[in-house]
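This report concerns only the one structure given below.
Every number in this text was worked out from the coordinates using simple rules, so none of it is lab data. Everything quoted here is computed from the prediction, not taken from an experiment. Glycine gets a Cβ as well: all are built from the backbone with ideal geometry, and neighbour counts include every protein chain shown.
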Amino acid sequence: MYRTWSPHLPPRNYRGALSRALAGDCPKPPSQPRPTPGLASFLLKGAAVAGAGILAYKGLQAILDEDFETTEFPAWFRRELIEDHIARYGSWCPWRGHWVHPEDLTVDHIVALVNGGRTSRANAQVLCGDCNSAKGARNSLFDFLRGRAV
Ligand SMILES: [Zn+2]
């Protein structure tokens, strides 16, 4: 079928179309479907959001953290943290996942001192003495995210 008019072709009535166009009354172009974003842009956006989240978390942590400015955790803090840990989880060592005697629980630097870890609330975790020495100065990327090195 021969189409006499389409929005892509100039209409027969040029004068009418011109005056309508000058008045801002143009026929709207047909709406195009939006291109679907590719996987790369999805991953980039995800990485940007995750990076912003980590930066915000680390910034808040540095502001809210209590830094003891020593190499050893103060005795009152160790007692407080271990008592709180026992009240919440029992006499449980979460590092290897086993029950221990309450007196075996120690307070460990999440990020080891030799890796730049701080002696602060945000960098403290409760685990047993055996696991503490087994862990040594080994730190995962997750430790650096969770604990505090700067
Ligand atoms: Zn343990």
Practice item. Would you list, by chain and number, the lysines whose Cα falls below 22 Å from the Cα of residue 58, excluding same-chain residues fewer than 8 positions away? Key: 45
Point to revise | Ratio of the Cα radius of gyration of the chain to 2.2 N^0.38 Å, where N counts its residues | key: 2.15
Practice item. Give me the number: length gained by fully extending residue 137 to residue 96, i.e. 0.36 nm times residue separation minus the C-alpha to C-alpha distance, one decimal in nm. Key: 13.2 nm
Exercise for review: For the chain, find the longest principal axis of its Cα atoms and tell me its angle to the long axis of helix 39-64, 0 to 90°, nearest 10.
Suggested key: 40 degrees
**Study point:** Ranked 86, 110, 54, criterion: other C-beta atoms within 10 Å, fewest first
**Key:** 54, 86, 110
Point to revise | Proximal charge balance of residue 64 [Cβ under 15 Å; K/R count +1, D/E count -1] | key: +2
Check your understanding: Using the count of nearby Cβ atoms within 10 Å as a rough guide to exposure, how do 76, 95 rank from fewest to most?
Key -> 76, 95
Review point. What length, rounded to one decimal in nm, is gained on full extension from residue 79 through to residue 41, with 0.36 nm per residue of separation minus their alpha-carbon distance?
Key: 8.8 nm
**Study point:** Calculated FRET value between residue 130 and residue 72, using beta carbons and R₀ = 30 Å, to 0.05
**Key:** 0.95
Exercise for review: Provide the per-residue ³J(HN,Hα) series for region 91-97, in order, calculated from phi with Karplus coefficients 6.51, -1.76, 1.60 and θ = phi - 60°, each as a whole number of Hz, with x at glycine and proline positions.
Suggested key: 7, 10, 9, x, 5, 9, x
Exercise for review: Mind telling me which of 94, 37, 74 comes out most flexible in a GNM of the chain, alpha-carbon contacts under 10 Å?
Suggested key: 37
**Study point:** Local electrostatic count, residue 93, Cβ distance below 12 Å [Lys/Arg +1, Asp/Glu -1]
**Key:** -1
Point to revise | Long-range amide H partners of residue 120 with built H, under 5 Å | key: 68
Practice item. Extending each Cα 7 Å along its Cβ direction at residue 60 and residue 19, get the distance between those two points in nm, one decimal. Key: 6.3 nm
Exercise for review: Excluding residue 52 itself, calculate the net charge of residues whose Cβ lies under 14 Å from the Cβ of residue 52, where each Lys or Arg counts +1 and each Asp or Glu counts -1.
Suggested key: +2
**Study point:** Using alpha-carbon coordinates, inclination of helix 75-89 to the longest axis of the chain, degrees
**Key:** 70 degrees
Exercise for review: Once every Cα of region 67-146 carries one equal point scatterer and solvent is ignored, give the base-10 log of I(q)/I(0) from the Debye formula at q = 0.12, 0.15 Å⁻¹, two decimals.
Suggested key: -0.31, -0.49
Review point. Once every DSSP H run of n ≥ 4 in the chain is given -39500 (n - 2.57) and the sum is divided by its residues, what mean residue ellipticity at 222 nm do you get, rounded to the nearest 500 deg cm²/dmol?
Key: -13000 deg cm²/dmol
